[in-house]
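To keep things clear, I will list the structure first and then write my remarks on it.
The values are calculated or read from the model by the stated rules, or taken from the named source; none is laboratory data. What you are looking at is a predicted structure, and each value in this text was computed from that prediction instead of being measured. Backbone-built Cβ (ideal geometry, glycine too); neighbour counts: all protein chains shown.
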Amino acid sequence: MKFSAIYLVLTCISFSILGQEWRTMYQEANQLYLNDNYADANDLAKKSLENYLKESGEANDNYAAILRLLANIAYAESNYDEGIIYMEKEITIRENKPDEMLAGALVNLSLFYQNTNNYVNAISTLERAEKILTQYYKDNDLSIIKCRLSLALNYYYSNENEMAFTFFNQNIPLLEETNEITYEDLIGFYFFGMLQFDRNEYDNALVTLLKAKEFFESADAVTTLEYAMVLSGIANTQHKLERYDESEAVYVKSQQLFETLEMTQDELYLSLLNNRATNLQALGQTDEAGKLLAQIQNNPAGKSTVAASLNNMASLSMAKGDFETAEKQYREALSNFNKDNPNEILKYVDTEENLALLKSQTGNFDDALLFSDEAVRLVKQQLGNDHPRVATSLNKRGRIKFSARDYTGASNDFNEALTLLTGRNDISAEAAVSLNGLGQCAQATSDYHQADIMYERALSLYDDNNFSKNRLYGIILNNYASSQLDQGNWADARDIEAKVTTLLGKLQGKNTSEYAEALENLAFLNLRLGELTEAKSQLDSVLTIFQTVLGVDSYEYAEAQMSLGRYFQYIGDYPQAEPLIKQSLQTIRSLKGLTSIPYANAQNTIALLFQTMGNYNEAEPLFKEALITYESKLGKASREYSTTLQNLASLYQLEEKYQLAEPLLKEVLTIDQALLGEAHPQYAVSLQNLATLYQKQKKFTEATTLLEQVKVIIEKTLGQKHPSYAVVISNLAALYQDKGEFDKAETQWKLSLSIRKNILGEDHPDYARSMYGLAGVYHATGKLNEAQPLYEEVVGKYQVQIKNYFSALSESEKGAFYNRIRPVFEAYQDFGIEFGKSNPSMRASYAGKLYDLQLSTKAILLNSSNKVRTSILSSGDQSLIDFYRQWQQGKEDLVKYYNFSSEERSERNIDLAELENQSNELEKRLTQLSTLFGTNYDQKKLDGKMFKNH
């Protein structure tokens, strides 16, 4: 459907030289034309021309004026071919004088060409008019602006969208400055908005279309087809910006107007229904979407709209997991499109790319790339190699290649798309898609530095260009967080994930599944970082949201319930963890089935709980059942199968069944090598696990070879100034120590100690671990004087940690912590005895130190924190409860910040000494309020002198 801005004007007549008879006829004909009496006006104007030719016949302005009137009448009656004849005669008369009158005649002729779909002639005619007008007017003059907007319209109608965009982009802002916008200009705003939409400039498109809407409303033209189209365009744009609720409201208003205009058989109406169905899918209203799509299917309108609806129905089928039906629907949609029709080619490409995605998701990458390759070829053929839509197709093909693990091919597509987009003045958010893809390719090949650069560039596009921060922005943040996790930067990952949660809360609302899922991810990271109170609060919120939105019988609620179970497992509260995870397991089994991937995931989770509890007999069959499901559904070459196999191997190691564990770990290594490559940190973890097994089996040569490989991988991917590199060095040192190669062990422990001091600080538990390792080497080699200050410092650091936060731990957490430090204290006791024997003068002093150490640790272990916690929380004394919770949180913070690196503490302005002082002050206050607390958590140092009278 086309809309014309009518610039036809009457030419003034030199009445002084006109004969009375035909002049009267001309005036009467003109009045009849103005009164919309076109038939009589035409008859009388022709008589006027006939009489004029009889009386004079001179080819002058008078003759041209009569021709112009006849052309105007022909235009009003849609007799465009006849009108062209009159306009060409007028132009012939004026040809010798290239002035404004000739320019006006050329503009009018272009309208006739435009309405006969002869856009080539319309454009060439307007270009002649523009050339004349530029001799008289500046670029911001209304005559020039109107002429160029007519050029824009004709370029748009002839599918020369780049030229159309250029003219619209230059002249619509100038038109707005004139404040001379007429009703006929409004369709230009609509087309300009649609061009911006096609270029993925959704923010700009929405601004333009909202202006058009405002102009229509101010002109009281809200019952027109054009207004309905503007509303539809606004709704489409809001959908792309993920403002689904706003979009739905505008779709409804547009649909109602189409129905009022009785245009329910028009393709525009059916296209509106199709787009609204897509939006309803995004809102989760799939039943309503299905009804609209069925309505389109039952309509006898054009095949292309039916094809578009089939495309959407296929999307619904995919969402339900019915890939077979979806493929049939996509193929039927393709058969209904005419890809030789320029107006349908992009819809054909969209459908073809959707089918390619389906093939990719089902693992058929060869077919996926066949469809995607043709889509790229067609869009380049239709729009040219440099059109922004080409970048969209390249990005989609890059995603398929990435899924097929062709990271080089994917990077090439993403780079080509990015080059195309950044070579333009009007960069779009599609460039962020390219940068995100490049970041993922770099991350997949363990080039984390490059990955982070790409993610940061993608995110900065939004701030630099004022793009709306939408779902894509959240995806990029998620991927950036994933990169930080791969590098072991848990705190950074948590901070980024917090931004994702905040964004989704704004975009989707906090009472939505999307927000709950992001909050669950954030809770996991907080749990990993020791933010136990925060993690628990977040998991409780997640459960509440899923219960409200989806119900307690939903899969999402069961998953959240399992996450809460993992929380209790993490803090060692197994009596609370077990029933939660078991209940989740049963729900998932009933919803998804015994052989489903979600049920296998749940089996893996509860098996890990049983393993942690020491219930190995129950854990083993669960791991094995999960493996059978993964192998059946995903194949052995999958992360799920590899991870569960590794868990089963760990179980066998705990049972000291090393012969059973070894082949499993070798298989894991083979799978990870194929899936991830030898440069990936996870492959290094698999090497490390096998090396640890070899070390337990005293296969030191094999273990050393593997650990050296791990060292090379971590050094290459994360660098030497990274905590993970220090871990590898420590493991090598411990291995050399087990082998009796103490010189090598000493070198590695010193290197580990140096790295950890520089990046973690001397308060970090890992620094104490390296110091203990070096002390052990000196002890084993008889260098007692060198070992002595190291042991003293290590034991001192652990006693400080016990004093500062041990008392706030649960009973199981206390046991786990003490089990980690007990070997250190036992080694120190052995050392103290030896050191006392070789230094008689210090024998008594060391005997006292050893006795004091034994007393202090045993006294703390005997305290019952559960008893104190229960007593205080049930006391009813809110002041006491508040102080106790503050004290607990303070202790949790100390645990967390002790494990931060020096840099992380500095970035967050963490002062450990100040936190310790605050904790001590709270303890003093609690001691005053609670006798039980004072008895259990008295911080006085215990030593042998206290018992001298006993």
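Assorted remarks:
- Total residues in segment 612-650, condition farther than 18 Å from ILE597 by Cβ and surrounded by fewer than 21 Cβ atoms within 10 Å (Cβ to Cβ): 10
- Some residue of segment 195-210 being acidic (Asp, Glu), touching an Asp or Glu at 6+ places or on another chain (Cβ under 7 Å) and either buried (at least 23 other Cβ atoms within 10 Å of the Cβ) or more than 22 Å from LEU283 (Cβ to Cβ) (or both): yes
- Among (1) farther than 19 Å from LEU293 by Cβ; (2) among the hydrophobic types (A, V, I, L, M, F, W, C); (3) surrounded by 16 or more Cβ atoms within 10 Å (Cβ to Cβ); (4) at pLDDT below 95 - the single one PHE258 does not satisfy: (1)
- Meets criteria (at pLDDT 90 or above, closer than 25 Å to TYR136 by Cβ and of a type outside the set (Ser, Thr, Tyr)) for GLU95: no
- Whichever residue in segment 737-761 is of a type outside the set (S, T, N, Q) and without any contact (Cβ under 8 Å) to a residue 24 or more places away in the chain and, among such residues, is surrounded by the most Cβ atoms within 10 Å (Cβ to Cβ): LEU753
- Residue count for segment 324-345, restricted to those that are in contact (Cβ under 8 Å) with a residue 60 or more places away in the chain and within 19 Å of THR278 (Cβ to Cβ): 0.
- Positions within segment 606-620 being under 13 Å from GLU655 (Cα atoms) and of a type in the set (Gly, Ala, Ser), in sequence order: GLY614, ALA619
- If the condition is being at pLDDT below 90 and in a helix (DSSP H, G or I), then segment 506-524 contributes LYS506, LEU507, GLN508, SER513, GLU514.
- Candidates are the residues of segment 404-456 that are acidic (Asp, Glu) and either within 12 Å of ALA391 (Cα to Cα) or touching a helix residue (DSSP H, G or I) at 6+ places or on another chain (Cβ under 7 Å) (or both); the one that is modelled with the lowest pLDDT is GLU430.
- Selection status of LYS138, without any contact (Cβ under 8 Å) to a residue 12 or more places away in the chain and of a type in the set (D, E, K, R): yes
- Any hit, segment 291-300, residues being assigned to a loop (DSSP other than H, G, I, E, B) and loosely packed, with under 15 Cβ neighbours inside 10 Å: yes
- PRO621 vs. criteria in a helix (DSSP H, G or I), within 28 Å of LYS657 (Cβ to Cβ) and out of contact with any helix residue (DSSP H, G or I) (no Cβ under 6 Å at 6 or more places or on another chain): yes
- Among the residues of segment 87-132, those identified as within 26 Å of ASN159 (Cβ to Cβ) and of a type in the set (A, V, I, L, M) are MET87, LEU106, VAL107, LEU109, LEU111, VAL120, ALA122, ILE123, LEU126, ALA129.
- Any hit, segment 568-575, residues being aliphatic (A, V, I, L, M), in contact with a Phe, Trp or Tyr (Cβ under 9 Å, 6 or more places away or on another chain) and either touching a residue at least 40 places away in the same chain (Cβ under 8 Å) or in a helix (DSSP H, G or I) (or both): no
- Subset of segment 657-691 (residues that are farther than 20 Å from GLU640 by Cβ, free of Cβ contacts under 8 Å to residues at least 24 places away in the same chain and of a type outside the set (A, V, I, L, M)): LYS657, GLN659
- Close contacts from segment 67-94, counting a first residue that is closer than 17 Å to ALA39 by Cβ and a second that is in a helix (DSSP H, G or I) and among the hydroxyl-bearing types (Ser, Thr, Tyr), with Cβ to Cβ under 6 Å and a gap of 6+ residues or different chains, come to LEU70/TYR86; ALA71/TYR86; ILE73/TYR33; ILE73/TYR38; ALA76/TYR38; GLU77/TYR38; GLY83/TYR75.
- Qualifying residue in segment 709-728 (condition: modelled with pLDDT of 90 or more, more than 35 Å from the chain's Cα centre (by Cα) and in a helix (DSSP H, G or I)): no
- If you filter segment 93-128 down to residues that are surrounded by fewer than 17 Cβ atoms within 10 Å (Cβ to Cβ) and more than 48 Å from the chain's Cα centre (by Cα), you find that the one that is nearest to ASN72 (Cα to Cα) is GLU100.
- Flag if ASN466 is of a type outside the set (Val, Ile, Thr), modelled with pLDDT under 90, out of contact with any Gly (no Cβ under 6 Å at 6 or more places or on another chain) and buried (at least 19 other Cβ atoms within 10 Å of the Cβ): no
- Test for LEU186: is it at pLDDT 90 or above, out of contact with any Leu (no Cβ under 8 Å at 6 or more places or on another chain) and surrounded by 17 or more Cβ atoms within 10 Å (Cβ to Cβ): no
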